[in-house]
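One structure below.
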Amino acid sequence: MANAGDGDVIDIRGGLIAGPLRPVTDPEETTEWEQVSPRHIDAADWERFETYVSEIFGAFGMDLDTPGTRETPNRFLKAMFDATSGYEGDEKLLTAFPNESDESEYNQVVEGGISFYALCEHHALPFHGSAYLGYIPNERIIGLSKLTRLVRLFARRFTVQEWMGRSIADALFDLMEPHGVAVYLEAEHLCTQMRGVREEHSRTVTTFWRGTYEENADLRREFLDLARSSTHK
Ligand SMILES: [Zn+2]
């Protein structure tokens, strides 16, 4: 595990804390889901997968014998592999740090929109959109760059919007022990749009509430107003 002495551990661009208050990695803050588990696909498997993809793309009509397409099966697999890197975890994900301010319980922090690209588990086609995260700090606040990492950790998988939002909300709640967590996701699903099942550019919106937000409708409304006003500028 990296420590604060490394100098490159924590990226606070866009975060809430200015440079001098640079947070320090505390081993006690490390939680299980920060552990990384790289996926290893051995060369023989990779080659076999390429032949499968070539066969499928060829059968569907692609001419695989052109300069532009010869490497397509390989590139396709690599792109899919990268798009699902969330399964590996993110060791730089989260370093929570003390909340220096002494605000009231209902002073929420709202961050977003954080763009994301995910693959729907039903079709393995992309859904993409923006995430807005809100929380009411207890003792810790967290920078935008870490929240972005959190969103991408759960987006870069085969998933559904519902599950992705729930995972983000639960992770944020576990990590920061805030009074409440709110997650707003809006996304366009290519699996329906590309095939003309639904109107183009239709968006699916999902919200998730934890803690104080579950009980307080005003707080939810305020969060949604903040999220929506930044969405539809
Ligand atoms: Zn789908």
Check: Which residues, counting only those in segment 195-227, are open to solvent by 50 Å² or more (accessible area, probe 1.4 Å) and either within 16 Å of the ligand (Cβ to nearest atom) or in contact (Cβ under 8 Å) with a residue 60 or more places away in the chain (or both)?
Finding: ARG195, GLY196, VAL197, ARG198, GLU199, GLU200, ARG203, GLU222, LEU226
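Answer with yes or no whether GLY5 is over 25 Å from LEU172 (Cα atoms), open to solvent by less than 80 Å² (accessible area, probe 1.4 Å) and modelled with pLDDT under 50. Explain how you work it out, then say what you get.
Working: over 25 Å from LEU172 (Cα atoms): yes; open to solvent by less than 80 Å² (accessible area, probe 1.4 Å): yes; modelled with pLDDT under 50: yes.
For GLY5, the condition - over 25 Å from LEU172 (Cα atoms), open to solvent by less than 80 Å² (accessible area, probe 1.4 Å) and modelled with pLDDT under 50 - is met.
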Next item on the list: Please enumerate the residues belonging to segment 165-179 that are in contact with a Leu (Cβ under 7 Å, 6 or more places away or on another chain) and at pLDDT 95 or above.
Entry: GLY165, ILE168
Checklist line | Subset tally (residues that are surrounded by fewer than 18 Cβ atoms within 10 Å (Cβ to Cβ) and of a type in the set (Val, Ile, Thr)) for segment 124-143 | finding: 0
Margin query: Given the condition of a type outside the set (Gly, Ala, Ser) and open to solvent by 90 Å² or more (accessible area, probe 1.4 Å), answer yes or no: does some residue in segment 144-155 qualify?
Written below: no
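Could you pull out every one of the helices (runs of 4 or more DSSP H) wholly within segment 112-194 that has 3 or more residues that are away from the ligand (no atom under 14 Å from the Cβ) and in contact with a Lys or Arg (Cβ under 6 Å, 6 or more places away or on another chain)? Talk me through it step by step, then tell me what you get.
Values: elements: 144-155, 161-176, 190-193.
Counting at least 3 such residues, we get 161-176.
The values are calculated or read from the model by the stated rules, or taken from the named source; none is laboratory data. Because the structure is a prediction, the values reported are computed rather than measured. Ideal geometry is used to build each Cβ from the backbone, glycine not excepted, and the neighbour counts take in all protein chains shown. Each accessible area value is taken on the protein alone, full model and side chains, heavy atoms only, with ligands, DNA and RNA left out. Shrake-Rupley method; radii C 1.70, N 1.55, O 1.52, S 1.80 Å.
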